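Below: the structure, in structure tokens.
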Amino acid sequence: MVEKNLDHTVMYHFTNRAGWRGVNEGNPDFIYPDPRTGKYVEGEDIRGLWPSRRLVIQGAGSELVPNEATQPAVFGLPQESPESWIKYKDCITVFDYLMSCCAGKSDDEGKRDLVLLKIDLKPKDNPIVVDYIHIRHLARDFSTESDPVRKQKIVSEGNQRYWETRIPLADYKSGFTLPEIVVWTPIPQERVHFVWEKDLYAFLDEVHQRC
């Protein structure tokens, strides 16, 4: 699968107003581990994007991947509107689901805010690309299996396949169905740029009409 206009020096990160506010003002209700020092940092003292979601969740199902895979990371997409993500469907429309997870809560008019950020990447960030398609396959196989032992094996092996797709962003050309960029270090505020804020549903209508 060919990726159009792929820029290896940036990634696109979807969030909401609260997330964008956290980039600029910190998050006083949270404490974050600093992957560079191993110490914890008060959320109110940080700026920028901080690793918070794990590539692979720690615990049952993570025994086949190294510790690095279970550490908090920052995630992004290689393009603002990646066609392969937008067009991919299994039991759900995956891009719509992802955007729904990123968007804010519904307001009084039923609208949900979605914010796009453009992240300047540097070689020291060591960004990698993985293919999220293996998590979709994991979800598919898990949902159709009833045996608990086999379910556990599906999770473990699916996570392993997902992890093993990783490739340095600088080396990635094309070929992944659902490419996502992962960085395990904080991204400072000066490298996080606001692109736009839109209503979630209006944006999804826009991208599906275009693709």
**Study point:** Partner aspartates and glutamates for Lys153 [C-alpha distance under 17 Å; skip if fewer than 8 residues away on the same chain]
**Key:** Glu63, Asp141, Glu145, Glu164
Check your understanding: Straight-line reach from Lys87: which aspartates and glutamates have Cα under 17 Å away, leaving out those fewer than 8 places along the same chain?
Key -> Glu3, Asp96, Asp131, Glu180, Asp205, Glu206
Review point. Ranked highest first by the average count of other Cβ atoms within 10 Å around their residues, in what order do 95-103, 130-138 fall?
Key: 130-138, 95-103
Point to revise | Where only C-alpha atoms are counted, convex hull volume of the chain per residue in Å³ | key: 141 Å³
Check your understanding: Please state the equivalent ellipsoid semi-axes for the range 98-197: what are the square roots of 5 times the Cα gyration tensor eigenvalues, largest first, in whole Å?
Key -> 29, 23, 11
Check your understanding: Which residue, chosen from Gln152, Phe95, Trp196, occupies the Cα position most advanced towards the positive end of the dipole of the chain, where the dipole is computed from +1 (Lys, Arg) and -1 (Asp, Glu) charges on Cβ about the Cα centre?
Key -> Gln152
Check your understanding: Could you put Thr37, Thr9, Thr93 in order, starting from the residue whose Cβ has the fewest other Cβ atoms within 10 Å?
Key -> Thr37, Thr9, Thr93
Point to revise | Subset of Lys39/Lys89; Lys89/Lys173; Lys105/Lys151; Lys151/Lys198 violating a 30 Å alpha-carbon distance limit | key: Lys39/Lys89; Lys105/Lys151; Lys151/Lys198
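Each value in this text was obtained by applying a stated rule to the coordinates, not by laboratory testing. Just so it is clear, the structure is predicted and the values come from calculations on it, not from any experiment. All Cβ positions, even for glycine, are placed from backbone atoms using ideal geometry, and neighbour counts span all protein chains on display.
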